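Since the structure comes first, as structure tokens, the remarks are kept for the end.
Bear in mind these aren't lab numbers, they're just calculated from the coordinates by the rules spelled out. Remember, predicted model here, so these are calculated numbers, not experimental data. FYI the Cβ positions are ideal-geometry reconstructions off the backbone, even for glycines, and counts take in every protein chain you see.
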Amino acid sequence: MLTITIPAVEKFNEATNEFIHYDSQTLALEHSLLSISKWEQENKVPFPLIQTTKLKTQITPQQLRDYVRCMTLTQNVKPEVYDNLSRKNIEKILKYINDPMTGTTFSKRKVQHGKHPSITNEVVYYWMASNGIWKECEKWHFNRLMTLINVFNEKGSTGNKMNKSELVAHYRELNEKRLAAAKRRAK
């Protein structure tokens, strides 16, 4: 988890000819599969999973703010708070996203997930399910989760693999949760 403090800001509202003061706000953030899933659901494009030093050029500033919002664990944050992210906040967030969060390393050869032209959250959930990786890992730092998936690929899966009906039930549950969340947002 990452904690950042968005600094206090005063902005001029041209529509009302008034200055608006925003207090500083501390946010708890988590770069996880769950966060990526929320972001992809809203943006309808795969989240760029390559080195995040290039992330700023692969998505718009608004999409980056949206992802920070999806990463936020802090409750009841006003949407305009994300407009006040400082350059220092963004750099700290990108450094955190890029942190491997583990000491495990792999050889330079192509790993299993590198074979897919577009990796979406559903692909990662599939890898988790097919390797018997417990669902709670969706809240882990994403790079740590991907390392665990790579370990399963390198060492061979010994987890309890889901049969076809269990996999269908798992995806049905995920889709029902996403549909319910979409309905709540639409209200």
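Quick notes on this structure:
- Label zone of ALA186 (point 7 Å out along Cα→Cβ, amide N under 19 Å): in segment 8-40 this covers 38-40.
- For SER32, the residues 5 or more places off, or on other chains, whose built amide H falls under 5 Å of its own are PHE142.
- Ordering of 166-172, 15-21 by packing [mean C-beta count within 10 Å, highest first]: 166-172, 15-21
- Here the gap between ARG172 and TYR126, fully extended at 0.36 nm per residue and compared with their Cα-Cα distance, gives a gain of 15.3 nm.
- Dividing the helix sum by the residues of the chain, where each DSSP H run of 4 or more adds -39500 (n - 2.57), gives a mean residue ellipticity at 222 nm of -14500 deg cm²/dmol.
- Cα-Cα over 21 Å, subset of LYS135/LYS183; LYS11/LYS88; LYS38/LYS177; LYS44/LYS135; LYS135/LYS164; LYS78/LYS187: LYS135/LYS183; LYS44/LYS135
- Relative contact order [Cα under 8 Å, 6+ residues apart], the chain, whole percent: 23
- Folded to 0 to 90 degrees: helix 164-186 orientation relative to the chain principal axis, Cα: 10
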